[in-house]
1. Using amide H atoms built in the peptide plane, which far-off residues or other-chain residues are under 5 Å from Phe134 H to H?
2. Share of Cα-Cα pairs in the chain beyond 27 Å, in percent?
3. For Leu95, tell me the accessible area in Å² from a 1.4 Å probe, rounded to the nearest 10.
4. Using modelled amide H (1.01 Å from N, peptide plane; none on Pro or chain starts), what sits under 5 Å from the amide H of Ile93, excluding residues fewer than 5 places away?
5. Give me the percent of the accessible area of the chain that comes from carbon and sulfur atoms, probe 1.4 Å, all protein chains in place.
6. Before I look further, what does the chain give for accessible area per residue, probe 1.4 Å, in whole square angstrom?
7. Where does the Debye-calculated log10 I(q)/I(0) of segment 6-66 sit at q = 0.13, 0.14, 0.18, 0.26 Å⁻¹, using only Cα point scatterers of equal weight, no solvent?
8. For a quick check: with amide H placed at 1.01 Å from N, whose amide H comes under 5 Å from Leu35's, ignoring anything fewer than 5 positions away on the same chain?
Amino acid sequence: MTELNSDPSTETCIFCLISKGQDKNTEVIKENKELVCFRDIVPAAPHHYLVVPKEHIRDCLSLHAGHVDLVKMMAKMGMAVLHDQGISDVKDISLGFHQPPYTSVAHLHLHVLAPASQIYKDMEYKFIPNSYRFVTEECLRKQLKDNTSPFKDSCCPTL
């Protein structure tokens with residue numbers, strides 16, 4: 001089992017700093033005791049937010065069945081931020097996680113993109129649902145709930 005806080009880089013992890021309010025360049029849009037949400041600094045769609053847990057969890061490969069509710073809460077916060085921004089068409093929203101080695105920050109983060117139909121052409125390849133790069137929140141949650149490896153079926157392909 002992976003120890004979630006064993007990484008010495010947590011002191012310099014940008015998402016840990018943001019979640020602790022120590023990065024003055026990032027505006028937190030929504031926050032609760034477990035999560036924070038802020039805009040992606042390199043947006044791939046008109047609305048592109050990241051939801052991160054305050055607890056340092058390295059990536060989606062570090063998750064286990066006990067994290068099902070965390071993933072669900074992350075999605076719920078992302079949807080609430082979109083709702084606050086006037087986005088109501090749930091059919092045109094993409095929620096997902098990049099799999100290592102395609103993560104830019106070694107801290108679990110959910111990408112919230114809307115409208116998904118307007119993902120910028122030069123970035124589309126990064127956000128193809130259930131590809132080897134990008135696993136949807138729904139697929140990850142299902143695999144965690146079933147207590148199987150998140151990346152061993154057709155919904156969540158192996159690297």
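1. Gln99
2. Pairs farther apart than 27 Å: 17 percent.
3. My reading of the accessible area for Leu95 is about 30 Å².
4. Ala116
5. Percent of accessible area from carbon and sulfur atoms in the chain: 51.
6. 54
7. Result of the Debye calculation: -0.37, -0.43, -0.70, -1.20.
8. For Leu35, the qualifying residues are Lys54.
The values are calculated or read from the model by the stated rules, or taken from the named source; none is laboratory data. In this text the structure is predicted, and so the values were computed from the model without any measurement. Protein only, heavy atoms only, side chains kept; ligands, DNA and RNA dropped before computing areas. Shrake-Rupley method; radii C 1.70, N 1.55, O 1.52, S 1.80 Å.
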